[in-house]
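These notes concern the structure reproduced below.
The numbers here are math on the coordinates, done by the rules we state, and not lab data. Predicted, not measured: the structure shown is a model, and the values here were computed from it. Because the Cβ atoms are built from the backbone with ideal geometry, glycine has one as well, and the counts that use them run over all protein chains shown.
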Amino acid sequence: MSDRKLPRLLQTPAVLLLLVWMLIPLGMTLYFSFIRYVLNSLRRPEWTSPSLSNWRGFGNYEFVLKSKDFVLAIQNSLFIVCSILFLTVILGILIAVLINKSFPGQGIVRVLLISPFFVMPAVNAVLWINMILDPVLGLQGIAVAGTNDILDGLRQMPVLGGFFSLWPEFEPISFRATQTSAIAVIMMVTWQWTPFAVLIFMTSLQSEDQQQKEAAVLDGASTWSQFRFLTLPHLGRPIAIVVMIQAIFHLSLYAEIEIVSRGNGNKNLPYLIGEFANNNIGAASATGIFAVILANIVAIFLLRMVGKTLME
Amino acid sequence: MGRIVLDQVSKSFGDVEVIPPLDLTIEDGEFAVFVGPSGCGKSTLLRMIAGLEELTSGAIEIDDEDVTSVSPSKRGLAMVFQSYALYPHMTVRKNIGFPLRMEKMDQAEIDKRVETAAQSLNLMDYLDRKPGQLSGGQRQRVAIGRAIVRDPSAFLFDEPLSNLDAALRVGMRLEISEMHERMQTTMIYVTHDQVEAMTMANKIVVLQAGVIEQVGSPLDLYHKPQNVFVAGFIGSPKMNIFSGPEAEKLGAHTIGIRPEHTNVSMTEGTWEGRVGVAEHLGSDTFIHVHDTGLADMITVRITGDISVKHGDKIFLTPQADQIHRFDPNGQRIA
């Protein structure tokens, strides 16, 4: 017995910390999700402190399911996460393959490529929405205005002017609008997380067996075939890692959504929780439980899919 | 067909010339072995023939056609790599069929050819396994199978057996020799192991520092080494090579005598020495003799067994017609 006591004793702090950090919040969330609990209510002051006497059963869950934003939040969460995953994996593979060849200035290029990853999410969002995507002051606005100026000039030309006057005037897109705010979030997060994918794919590419490639060259494989039959299967595992880690991170996006449109037309589950938590802690907790379930479904689904298609 | 001619072929990496211009002809159906110590350029030479390495100058002809700037896959050669270079994500069947698939061959024809190759290599039971589930010898056979299905004009082997254990190596050596007898296709085989070279080759090319030291049949090289390097490299145990008064007596700068061409006596002989380590192999005994005044150590080989103890006095007599004589430049004196 004494043989086991010491190891167990030494493990205890870690286990206790895990309990404190994981089980207690989860337990409290579960508890709050089954009771009526609001931060401020003049009409029912007894609801402002958590107590079992305010038991509501699945009422909070029903309330969340029926609220108009819930379906939008789920759809948006999935849309944003899947789009970002798709774009970062594709861009990551392309860039990693491109910079895997040696060229002068390779080191600097690699550092520059990684740097977006070091920008804080909130700063990233502010920079993108104000300096790049803004329809008037951002790069987008300047580019659209510039293009229109050039078109105006072309319309004045003697012969070809008639042709160019058939072209429409370009309209800058407002990325804070209901329809486009999700796109803005996808763009900025893709920009920030592509370096992460590049980094992981690049290290994996460097471990690729060169003799296999030479054998493929002798077997008559084109560059594309080498990529398709050797490099891509070799990247299967790192792709699964990138997808999994990013799925976990991006299901909890918040700062970007807040900064771009304050949730206007573009809520995800964490943002919805945040809105509920302004007053209704019970509903916020129920949404939190839904978020946990969604995260697990997404994780299992993605892992299966990536595993099956790429591991073989 | 598969006659390969190297014409003034050379290779430099930057300022370092690893292979000075060399000429070599490998006839159709020959089993040529490139042998030499590591770093002698034998693998580079093979990779140049395969097209994986560009020539710095010179030309390569296969069947009288200049292939110097032809892409590797169009040269009609198949290569077996030291690390096998199997595609880890494909089954054995797909691995073997890969070159045919790249040729856009009909799937039915691919299946037929793969099965034929697998049958001849005893791989039928493993066709649906991945390389990771195979032993070293099986992986090597898959690599050979991938080469065979292409029906190449010549096979190139780059130290294919060096990752195998000793017992398997002997077995695979026989299999490859057998395969050559059956197919009568040109084969070029790179190895640093002179036993492999001696047992498998029709033609051995001994290389040192990118220079061909001698080209010839195994027995040519054994009986008539053209220089001291070849004399020391071919044969096991190594030939005893020394210079000094004994060599001058025979009108040479350096002389060499193989361990098996020295007679041993406990009572009388030309050279006297003291027994060091004796290695008893049962069929043979190798005796390392010290204090002869000729070289640090002279190795002799005796058929059968002999009872000698460490420190015994021993007499050696070289067989006069088996002494190799070399001039000060290390070249053979006829």
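The Rg/Rh ratio of the stretch A:218-291, with both radii computed over alpha carbons and Rh defined as the Kirkwood radius, is 1.34. A Cβ-based charge dipole, computed about the Cα centre of the protein assembly as shown with Lys and Arg at +1 and Asp and Glu at -1, lands at about 3440 debye. Normalising by residue count, the stretch A:80-229 has a Cα convex hull of 198 Å³ per residue. Short to long, the 10 Å bins of the Cα pair-distance histogram for the stretch A:22-87 hold 18, 32, 31, 14, 4 percent of all pairs. Projected label points at residue A:26 and residue B:25, each 7 Å from Cα along the beta carbon direction, are separated by 7.9 nanometres. Over chain A, all Cα pairs binned in 10 Å intervals from 0 give whole-percent P(r) values of 5, 18, 22, 22, 18, 10, 4, 1, 0, 0, listed from short to long.
In the protein assembly as shown, if the dipole is taken from +1 on Lys/Arg beta carbons and -1 on Asp/Glu beta carbons about the Cα centre, which of B:10, A:28, A:51 is farthest to the positive end? Positive-end residue among those listed: A:51.
The angle separating the long axis of helix B:92-102 from the principal Cα axis of greatest extent in chain B is about 70 degrees. In this calculation the C-beta distance from residue B:281 to residue A:224 is compared with R0 = 56 Å, giving a FRET efficiency of 0.50.
Average 1/r across all pairs of distinct alpha carbons in chain B, invert it, and you get the Kirkwood radius: 22.2 Å.
Sparse packing (at most 15 other Cβ atoms within 10 Å of the Cβ) combined with a DSSP loop state is found for the following trypsin sites (Lys or Arg not before Pro) in the stretch A:44-138: A:101. Counting Lys and Arg as +1 and Asp and Glu as -1 over every other residue whose Cβ lies under 9 Å from the Cβ of residue B:190, the net charge comes to -1.
Taking label points 7 Å from Cα along the Cα-to-Cβ direction, residue A:244 and residue B:303 give a separation of 6.6 nm. Legend: ranking of residues B:310, B:180 from fewest to most surrounding C-beta atoms inside 10 Å; resulting order B:310, B:180. Computed from point charges on the beta carbon alone (+1 for Lys and Arg, -1 for Asp and Glu), the dipole magnitude for chain A about its Cα centre is near 1060 Debye. Treating each Cα of the stretch A:134-174 as an identical point scatterer and summing with the Debye formula, the log10 of I(q)/I(0) at q = 0.16, 0.19, 0.33 Å⁻¹ comes to -0.42, -0.54, -1.01. How about residue A:66: which lysines have a C-alpha closer than 25 Å to its C-alpha, ignoring those fewer than 8 places off in the same chain? Qualifying lysines at Cα under 25 Å: A:267. Here is the list for the stretch B:86-159: trypsin sites (Lys or Arg not before Pro) lying in DSSP coil, each with at most 10 other C-beta atoms within 10 angstrom of its C-beta, are B:104.
Under a no-solvent Debye model with one identical scatterer per Cα of the stretch B:238-326, what's log10 I(q)/I(0) at q = 0.24 Å⁻¹? For the stretch B:238-326, the Cα-only Debye profile gives -1.25. What is the dipole size for the stretch B:4-231, taken about its Cα centre, with +1 at each Lys and Arg Cβ and -1 at each Asp and Glu Cβ, in debye to the nearest 20? Roughly 960 debye, rounded to the nearest 20.
Computed with the Debye formula from one identical point scatterer per Cα of the protein assembly as shown, without solvent, the log10 of I(q)/I(0) at q = 0.08, 0.12 Å⁻¹ comes to -0.86, -1.23. Under the simplified labelling scheme, the residue A:86-residue A:145 pair shows an inter-label distance of 3.4 nm, with each label point 7 Å from Cα along Cα→Cβ. Multiplying the residue separation of residue B:296 and residue B:236 by 0.36 nm and removing their Cα-Cα distance gives an extension gain of 19.8 nm. Rounded, prolate or oblate: pick one for the stretch A:186-226, where a ≥ b ≥ c are the square roots of the eigenvalues of its C-alpha gyration tensor, a/c under 1.5 means rounded, and failing that, prolate if a/b is larger than b/c, else oblate. Note, shape of the stretch A:186-226 comes out oblate.
Over all Cα atoms in the stretch B:201-273, the spread is summed up by Rg and Dmax: 14.4, 47 Å.
Towards the positive end of the charge dipole of the protein assembly as shown, with charges on Cβ (+1 Lys, Arg; -1 Asp, Glu), say which of A:229, A:128, A:166 has the farthest Cα. Highest projection toward the positive end goes to A:128. Can you give me the Kirkwood hydrodynamic radius for the stretch A:166-250, using every pair of distinct Cα atoms, in Å to one decimal? Kirkwood hydrodynamic radius for the stretch A:166-250: 16.2 Å. In the stretch B:4-231, taking the dipole from charged Cβ atoms about the Cα centre, the farthest positive-side position among B:218, B:189, B:59 is held by B:189.
Once you've got the Cα coordinates, tell me which of B:11/B:74; A:213/B:203; B:74/B:112 are over 27 Å apart. Too far apart for the 27 Å limit: A:213/B:203. The Cβ shell under 11 Å around residue B:45 holds other residues with a net charge of +1, Lys and Arg each +1, Asp and Glu each -1.
For GluC sites (Glu not before Pro), the sites in the stretch B:1-67 that DSSP calls loop and that have at most 16 other Cβ atoms within 10 Å are B:27, B:54.
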